[in-house]
Amino acid sequence: MSEFSLPPEGHEGKLEVVHRVIKHSADLTIRSPLEAIVELVTNSDDSYKRLEAKGIKVKGDIHIRIRRKKNGKCEFIQVIDHAEGMDSSTLYRALRFGGATSGLLEGQSVRGFFGRGLKEAIIGLGKGTIATYKDGKESAVEIWWEKGEAKFKVLTRERPTNMPNGTSVFIEVHKEVSLPTFKTLRRMIENHYSLRKICENPHRKVKFTMEGFGALKARSGEGGRTEFLSFIPPSSVLKKAGKFTLSKAGEITIKIYESKEKLNFSPSDPSSLAGIVITTEGIPLDLQLFGFDSDETAYYFWGELDWPLLGELLRQDDPSLLNPHRCGINWRHQICQEVYQAVHTILKKLVEAKSKELEAKEEISPAHQQKIHKICRMLNKLARKELSISEEGDSLKEEEEASIESLTIRPEIGYGRPSVPRQFTVYLPKEICKGKNPPIVKIEVDSQDNVIVKPKSVTLYTHPKYVSLLYGSFEVTGFHEGDEAYVYAKWKNLEDMAHFLVKKSESSRKRGKLSGIRKGLFKNITRDYTPNPQQRVGLVDGEIKIYMNFPCIKNYLGPKLEKIEEPRGSVLFAELICEAFCKFIARRRLDLGLEPSGPSPIDAFNSVYNRLLRNYYSVIHRTVVSG
């Protein structure tokens, strides 16, 4: 019997791979019936694509069957296609975990990068049967999890059959997972970013059948309902289209539309209509709003980004580009970061224009704007404490991040005042530093008499905003006008230089119009007039946005925030600011590894968020109410 020969009928065996890895992978990848449906339907679509690539005409039938029990739980899921089918050897190979069986790795435009999905869909939910038909022969296996092991049993092996080519996967759902009613689940399937192209493909006929309770409009009793699925794009206008060439990520093609109505969006909902679908060679891999998850003005925008180089990199079998549990792209990867920042910049202009369109004409009074700036300075002080950011922060701009390719000092030319320390920041890309310990950079100046530097060695840590960079700060001080020196940063064989010069101290400065805090994580507090917002406050690009159309917000704060000095208004204002601050800092501390993430990201976030509320609510409340 060869390595990939299916054993005889009745044979029971263990699936290849470490069993705890199988279960862990299945539990991460398949947590709901919808995720199982996505895996199985995309597998069927992949099989049809392989036939079409050979010039074979297909009907493209895919049938989804699901049964909903009386208590709202899912009883079974079945997906049937009439595509290639599998012979016994191919079926046996499909039982292996982690194999590079993807058509993409073979040069075809299909999904399934890690050779997983089919097994995970079954083990993640319960017990399943794979029956497949190929050239007049039927083979079937049963897969289940038992006593810490993934097992399979051969039910039939190449028996003669009259069935046309195709595959049926039937999953008995043992997990207590809730199932929406027919209408809701249909919408979730049609709108799922991985299934939209399949549902709108004229060469695919996706049929959805729900049996049992909740299938019909009747309030009680069992029934069945079947409809064909189709994705209908929102009524929109094209706002941005073009090709852009990035230094590391190569060429990307983007189309962004603006919907006439605000769309639904949640970072955890793959069926959200708002957001940009990222594809490579026609394969949808992720849905993102590129940093605007909390800005409901961005919920008017949707579109598609095609990134061809990503497919080539994945073909080189680099798993670091994708999340291990296959729910999207690893945006912390340096190449992915470049794409993220580029799209963020494009989307930012569109969101700002839309925000101005929605924004009311009333302006906040100068006195209240002054109070807002005081609050922002207080929040930045608290943020520096929680995130271990130096007092001055650093002056790196978003567009400069990609230009940092080696050891780098910023600013390149720094001006100081007599006897007043001037801060410099040194950066190093993470990809250069391969060691386990943080790098320590030596700092030197070429003038030992009139200019001093402290400290003379700087330990670099992950930047709180640009996670692909390590950074650290030091101070240079001159004591007389005209003092100057060249400052050197050295690490291993890398070196960079900056110029320091002391200028005359200015006793007074002209004050301009108040427009926000320039430095720091919190720059301003603004109003947002998005209709029917899903949240009352959020933080976007350093601005705390208060959604004025959220119930009761405008009543208590006033259209121009004129009521924030009144008792009820000031308490609500403090509560909103504290909520935005603590949520942002909690996420940032988890992202930077300053808090243990634990088995549940949601529980970890809530734990950190509640601690921050306890620590800072009284501080923020006192500043806002008495300020």
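Taking a sphere under 10 Å around the Cβ of ASP306 and counting the other residues whose Cβ falls inside, with K and R at +1 and D and E at -1, yields a net charge of -1.
Note on TYR48: accessible area approximately 0 square angstrom, rounded to 10, probe 1.4 Å, nucleic acids and ligands left out. A simple rule links phi to the HN-Hα coupling: the Karplus curve 6.51 cos²θ - 1.76 cosθ + 1.60 with θ = phi - 60°, which for the stretch 67-75 gives 10, 10, 7, 5, 7, x, 8, 8, 9 Hz, with x for Gly and Pro. At the residue level, LYS153 shows approximately 70 square angstrom of accessible surface with a 1.4 angstrom probe and all protein chains present. Only lysines eight or more places from LYS381 in sequence, or on another chain, were considered; those with a Cα closer than 17 Å are LYS371, LYS465, LYS519, LYS523, LYS583.
Residue-wise HN-Hα couplings along the stretch 273-286, as the Karplus relation 6.51 cos²θ - 1.76 cosθ + 1.60 with θ = phi - 60° gives them from phi, are 7, 6, x, 9, 8, 9, 10, 9, 6, x, 9, x, 10, 6 Hz; Gly and Pro carry x. Judged by the mean number of other Cβ atoms found within 10 Å, the most tightly packed of the peptides 130-141, 240-251, 548-559 leads the ranking 130-141, 548-559, 240-251.
Residues TRP145, TRP331 ordered from highest to lowest accessible area at a 1.4 Å probe: TRP145, TRP331. Protection proxy ranking of 231-239, 120-128, 379-387, by the mean of other Cβ atoms within 10 Å over each peptide's residues and highest first, is 120-128, 379-387, 231-239.
Structure shown: which of LYS59/LYS354; LYS255/LYS560; LYS69/LYS147 lie over 32 Å apart, alpha-carbon to alpha-carbon? LYS59/LYS354; LYS255/LYS560, as the Cα separations exceed 32 Å there. Ranked by the mean number of other Cβ atoms within 10 Å of their residues, highest first, the peptides 489-501, 524-536 fall in the order 524-536, 489-501.
Per-residue surface analysis assigns LEU289 an accessible area of about 0 Å², computed on protein heavy atoms at 1.4 Å probe radius. If you take the Cα centroid of the stretch 426-456 and the Cα centroid of the stretch 529-589, the two points sit 41 Å apart. Checked against a 30 Å cut-off, the cross-linked pairs LYS348/LYS456; LYS197/LYS545; LYS197/LYS243; LYS54/LYS239 give Cα-Cα distances beyond that limit for LYS348/LYS456; LYS197/LYS545; LYS54/LYS239. At a probe radius of 1.4 angstrom, the accessible area of the stretch 253-355 per residue rounds to 34 square angstrom. The phi-based Karplus calculation (6.51 cos²θ - 1.76 cosθ + 1.60; θ = phi - 60°) puts the 3J(HN,Hα) values of the stretch 295-303 at 9, 6, 5, 5, 6, 7, 10, 8, x Hz, whole numbers, x for Gly and Pro. Net charge in the neighbourhood of TYR415 (other residues with Cβ under 9 Å of its Cβ; Lys, Arg +1, Asp, Glu -1) is +3. Under 19 Å of direct C-alpha separation, and excluding same-chain neighbours fewer than eight residues apart, LYS434 reaches these lysines: LYS442, LYS490, LYS492.
The values are calculated or read from the model by the stated rules, or taken from the named source; none is laboratory data. Since this is a predicted model, take the numbers as computed values, not measurements. No Cβ is skipped: glycine too gets one built from the backbone with ideal geometry, and neighbour counts run over all protein chains shown. Accessible surface is based on the protein model in full, side chains and every heavy atom, while ligands, DNA and RNA are left aside. Shrake-Rupley method; radii C 1.70, N 1.55, O 1.52, S 1.80 Å.
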